[in-house]
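Here's the structure we're looking at; comments come further down.
The values are calculated or read from the model by the stated rules, or taken from the named source; none is laboratory data. These figures come from a predicted structure and were not determined experimentally. All Cβ positions, glycine included, derive from the backbone under ideal geometry; neighbour counts span all protein chains shown.
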Amino acid sequence: MLITSIGQGLLWAPLVIGVFLTFRILDIPDLTTEGSFPLGAAVTVSAMLSGQSAVVASLLGFLAGCVAGWVTGILDTKLHMPSLLAGILTMTGLYSINMHVMGKSNVPLLTQKVLTNYLPATWSSDLQTIVVGLVVTGVVIALLIWLFKTRLGLSLMATGDNPAMSAANGIYTDRMVILGYMVSNGCIALSGALIAQSNGYADIGMGIGTIVIGLASVLVGEIFLHGRQMWVRLSGMVVGAIIYRFLLTVAMGLGFPVDDLKILSAIILVVVICLPILRTKVKTRQQLKRYLKQIGADEHESTTSSLKRQASPEGLLSRDGK
């Protein structure tokens with residue numbers, strides 16, 4: 001169960017990283033996720049069926065996701081649409097595009113060679129999935145760490161932190177937002193390409209609920225592994241994806257039907273949102289109790305008696321009170 005969760009979590013990790021880029025770096029809730037995820041799967045499977053290798057097809061899926069992010073970025077920055085509306089419009093349009101790319105709602109892979117087939121056949125399927133997930137996710141994290149060390153990546157982070165100040169310092173914030181959309185949805189589409197090869201098919205409805213999966217995994221990862229350095233934050237996204245898949249696997253092992261996985265995803269998201277709030281409240285109460293204990297009862301009584309003397313007529317009319 002744990003090994004399977006690790007393998008599946010690594011395949012979903014690029015999606016979580018993509019959601020992290022828009023949600024945490026740019027501070028934008030991007031709903032393009034639910035359209036770019038199946039887009040990556042549709043482009044990859046269609047390319048493989050037309051004779052392309054799994055590596056080339058996966059790269060084409062990544063590029064297709066970048067194009068989808070570019071469209072959302074243009075709607076957001078150039079047409080000045082709200083980010084939520086821009087994502088919804090792109091997601092809606094991608095439904096028809098995915099249907100045109102696949103030709104039908106579900107396209108299976110037949111005898112095509114997927115990424116795991118490049119590994120030794122003696123290895124178990126779980127081990128093959130883990131190795132492919134580690135390689136792809138490791139490359140994504142390494143490239144992003146390199147990006148955020150460059151001037152371009154620093155400008156991207158500055159735009160997310162303070163767009164007005166970034167623009168005042170000569171950063172083209174619109175370009176940075178578009179770049180963030182493109183990289184984010186490219187990673188999401190790449191995850192769709194990996195999942196499609198793992199499942200053996202691409203389906204028009206495989207993107208439903210992916211934004212909830214991504215957000216829940218981001219929040220779970222930040223709870224278990226948090227820090228200021230970018231490699232720590234990105235590694236936390238991988239940990240969050242693995243833990244999230246493990247929770248779903250445990251739920252299925254307890255007898256929950258597959259149809260209830262979406263509502264379980266929503267419940268997990270609610271729980272991980274509420275946990276930090278409750279933890280903050282508990283810490284505040286504990287700090288208040290410690291502070292009251294440090295003050296002590298004697299000091300509290302002396303302060304109360306002093307206030308009573310000042311409020312009494314004698315205290316107000318005495319010479320010392322003048």
- prompt: Given MET252, MET237, which one is assigned by TED's automatic domain parsing to the domain that holds LEU134 and at pLDDT below 80?
  reply: MET252
- prompt: Would you pick out the residues in segment 167-222 that are more than 27 Å from ARG151 (Cβ to Cβ), over 17 Å from the mean Cα position of the chain (by Cα) and either assigned by TED's automatic domain parsing to the domain that holds VAL272 or of a type in the set (Gly, Ala, Ser) (or both)?
  reply: ALA193, ALA196, SER198, GLY200, ALA202, GLY205
task: Please specify each residue of segment 211-224 satisfying the condition of being crowded, with 17+ Cβ neighbours inside 10 Å and without any contact (Cβ under 8 Å) to a residue 24 or more places away in the chain.
output: GLU222
query: Just to be sure, is TYR291 part of a helix (DSSP H, G or I), outside the structural domain of ALA142 (by TED's automatic domain parsing) and either among the acidic types (Asp, Glu) or at pLDDT 80 or above (or both)?
result: yes
task: May I ask you to list pairs of residues, at least six apart or on different chains, whose Cβ atoms are under 8 Å apart, with the first in segment 229-255 being part of a helix (DSSP H, G or I) and the second being modelled with pLDDT of 90 or more and aromatic (Phe, Trp, Tyr)?
output: MET230/PHE148; ARG233/PHE20; LEU234/PHE20; MET237/PHE20; ALA241/TRP12; TYR244/TRP12; ARG245/TRP12
task: Would you mention how many residues in segment 50-100 are in a loop (DSSP other than H, G, I, E, B), loosely packed, with under 14 Cβ neighbours inside 10 Å and touching a residue at least 12 places away in the same chain (Cβ under 8 Å)?
output: 1
query: Residues of segment 114-133 being small (Gly, Ala, Ser), in a helix (DSSP H, G or I) and over 25 Å from the mean Cα position of the chain (by Cα), which ones?
result: SER125
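If you check LEU194 against the conditions, is it in contact with a Gly (Cβ under 9 Å, 6 or more places away or on another chain) and within 27 Å of VAL272 (Cα to Cα)? Walk me through how you get there before you give the answer.
Details: in contact with a Gly (Cβ under 9 Å, 6 or more places away or on another chain): yes; within 27 Å of VAL272 (Cα to Cα): yes.
Yes, satisfied.
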